[in-house]
Amino acid sequence: MIETVEGTFDVLPARFVKPNRVYQQIERWHLVESAAREAFRRYGIEEIRTPIIEKLELFERGVGTETDVNKEMFTFETREGSERIALRPESTASVVRAYIQNGLFNHTGLTKLYYIGAQFRHERPQKGRYRQFAQLGVEIIGQSDSPAIEAEVFEMLTWFFKELGISDTQLLLNSVGDEKCRPNFIAKLKESLKDKLPHLCGNCHRRYETNPLRVLDCKVESCQPYLNQLPRLTDMLCEECDAHFKELCAMLDERAIAYRITPRLVRGLDYYTKTAFEIVGGGKLGSQNTIVGGGRYDGLSEILGGPPTKGFGFASGIERILISLPDDSVARAKESPALFIAYLGDAARKHSFALARRLREEGVSVVVDLEGRKLKKALALADNLGANYALIIGDNEIQSQSYTLRDMQKSAQKTCSEAEIIAILKKD
RNA sequence: GAGAGUGUAGCUCAGUCGGUUAGAGCGCCAGGUUGUGGCCCUGGAGGUCGUGGGUUCGAGACCCAUCACUCUCCCCA
């Protein structure tokens, strides 16, 4: 048997999905995608779709070649061998590229874009981490770096998770400074780390050389006491970054949005400035429990060859949201037919197909028995499909031009005309 | 890239010390009712025991390899 490649999966109706593979349930995807699109609509954020493949160079420049990003990308060469292509590992770089390439900076006001789509990373799969995964994200690009941008996005995310019934989340907030204050901090950090280094783990030693900021993020238990003694980013921000951060916190307070300042939260990539944040999810997730990650990236446009531009955005792993949804989500998102038509005999069969078409033209979702089952079997199928109503058509019904409409939940049935059927089904 | 665990029917799982024809519950199919689903009763189908090798008189079980899944480390754009 030929199976899906490692770290990928099919998404299909919930009744076909193995228990505990909730991220494969299409109803959950629809729930999350429609809530997201509604959130974006309310906040005036418009959709952008960028290609799944991009020139490798885009991601190399965007995220820097220092990181492991390279080896974790799916890449290939064009047949001519002249171009190196990557399956997108994230979308921020693509969106900023599109912003530049399409000249969006020539339009007035902030550019507020969202995307929903597949991303690819060549990593070992585990809970909430797959090789093909989906993210939904927002990028707010323009000339302003007002913290009102961040505050509004956090407000939207609050609504979004509330709408989905996901309550056990936490907003972790930090500022990673900018090109003015961060170098000072890194110098201080390295100095402070020197005498603690012998006590720290191997990873910390490596990061001390390659990316000292990430030492702060180490999760090894034995490192924690020493890490707590390190200087705090938020204590060493330059005037501008400090003011930005304080203003953002005040705006969140005004909106009654809960957050936790997490001085040791850093982002992996170089282009982030000022605001950095994560939203972590609850107990249904394993160790991969970051449900949203993002931050401000005021220098990224220039790195990609565009005009000086500021930006703020986030990306959210859809599979992790799906795993975090309440257990009854699929029931609430039920996508079963409103009406199942069962018939008896050839005349009724023809009649059923014609009636089904008329009902569908009225916007009713209708499933007709296509296999000529016995009535008993047809009703069992209607039950199995979760149809709200079953319509029974036999010679009697054709004669009288009225049908037996059975409410499957109540097990009650009555005789209805076509117009009455339409009225009842449109009401639901 | 590293480690640990798991892999038996559509699903959830049992299968003793290596021993006859591999089981259960649920689901599925048929019948009990040729115009009525769920409950009940009767019967039935469905398995190369992940795959390939090996040990053995004999392997679902033991060994090796491999693939996949799960979880963790790593990394996290």
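When the range A:404-428 is filtered for residues that are within 8 Å of RNA strand B (Cβ to nearest atom) and of a type in the set (S, T, Y), the ones remaining, listed by number, are A:T404, A:S411. From the list A:L370, A:L322, A:L355, A:L339, the lone residue that is away from RNA strand B (no atom under 12 Å from the Cβ) and either of a type in the set (D, E) or within 30 Å of A:G295 (Cα to Cα) (or both) is A:L322. Going through (1) farther than 28 Å from A:A118 by Cβ; (2) surrounded by 13 or more Cβ atoms within 10 Å (Cβ to Cβ) one by one, A:P308 falls short only on (2). Residues that are of a type in the set (G, A, S) and surrounded by 22 or more Cβ atoms within 10 Å (Cβ to Cβ) within the range A:166-187 comprise A:S175, A:G177, listed in sequence order. Confirm whether A:L379 is over 22 Å from A:E335 (Cα atoms) and near RNA strand B (Cβ under 8 Å from one of its atoms). Considered against the rule, which asks whether it is over 22 Å from A:E335 (Cα atoms) and near RNA strand B (Cβ under 8 Å from one of its atoms), A:L379 comes out as no.
The condition (being at pLDDT 90 or above, crowded, with 17+ Cβ neighbours inside 10 Å, among the charged types (D, E, K, R) and out of contact with any Ser or Thr (no Cβ under 7 Å at 6 or more places or on another chain)) is satisfied by just one residue among A:E254, A:E239, A:E152, A:E163: A:E152. Considering A:L359, A:L325, the condition of being at pLDDT 95 or above, within 29 Å of A:W29 (Cα to Cα) and either within 37 Å of the chain's Cα centre (by Cα) or in the same structural domain as A:E33 (by TED's automatic domain parsing) (or both) is satisfied by A:L359 alone.
Being more than 30 Å from A:E397 (Cβ to Cβ) and in contact with a Leu (Cβ under 9 Å, 6 or more places away or on another chain) is the filter here, so list the residues in the range A:318-351 that pass it. Result: A:I318, A:R320, A:I321, A:L322, A:I323, A:S324, A:L325, A:P326, A:S329, A:V330, A:R332, A:A333. Contact annotation: residue pairs with Cβ atoms under 8 Å, 6 or more positions apart or on different chains, pairing a residue in the range A:377-397 that is assigned by TED's automatic domain parsing to the domain that holds A:L355 with a partner that is within 6 Å of RNA strand B (Cβ to nearest atom) and assigned to a helix (DSSP H, G or I), are A:A390/A:L379; A:I392/A:L375. Of the residues A:K284, A:K274, the single one that is within 13 Å of RNA strand B (Cβ to nearest atom) and either without any contact (Cβ under 8 Å) to a residue 24 or more places away in the chain or basic (K, R) (or both) is A:K284.
Okay, residues lined up against (1) buried (at least 17 other Cβ atoms within 10 Å of the Cβ); (2) within 16 Å of RNA strand B (Cβ to nearest atom); (3) over 16 Å from the mean Cα position of the chain (by Cα):
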| site | (1), (2), (3) |
| --- | --- |
| A:F16 | no, yes, yes |
| A:N20 | no, yes, yes |
| A:A35 | yes, no, no |
| A:A39 | yes, no, no |
| A:R42 | no, no, yes |
| A:E47 | no, no, no |
| A:K55 | no, yes, yes |
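Taken together, A:A93, A:A187 contain a single residue that is within 19 Å of the chain's Cα centre (by Cα), modelled with pLDDT under 95 and not in a loop (DSSP other than H, G, I, E, B), which is A:A93. Pairing residues of the range A:11-29 that are among the small types (G, A, S) with residues that are surrounded by 12 or more Cβ atoms within 10 Å (Cβ to Cβ), at Cβ distances under 6 Å and at least 6 apart in sequence or on separate chains, gives A:A14/A:Q25; A:A14/A:E27; A:A14/A:V330. Among the residues of the range A:378-428, those identified as of a type in the set (S, T, N, Q) and more than 21 Å from A:H351 (Cβ to Cβ) are A:N384, A:N388, A:Q409, A:S411. Kindly indicate whether any position in the range A:164-181 is of a type in the set (D, E, K, R), in the same structural domain as A:A35 (by TED's automatic domain parsing) and free of Cβ contacts under 8 Å to residues at least 24 places away in the same chain. Scanning the range A:164-181 turns up no residue that is of a type in the set (D, E, K, R), in the same structural domain as A:A35 (by TED's automatic domain parsing) and free of Cβ contacts under 8 Å to residues at least 24 places away in the same chain.
The values are calculated or read from the model by the stated rules, or taken from the named source; none is laboratory data. A quick note: this is a predicted structure, and the numbers were derived from the prediction, not measured. When we count neighbours, we look across all protein chains shown, and the Cβ atoms used for this are built from the backbone with ideal geometry, even at glycine.
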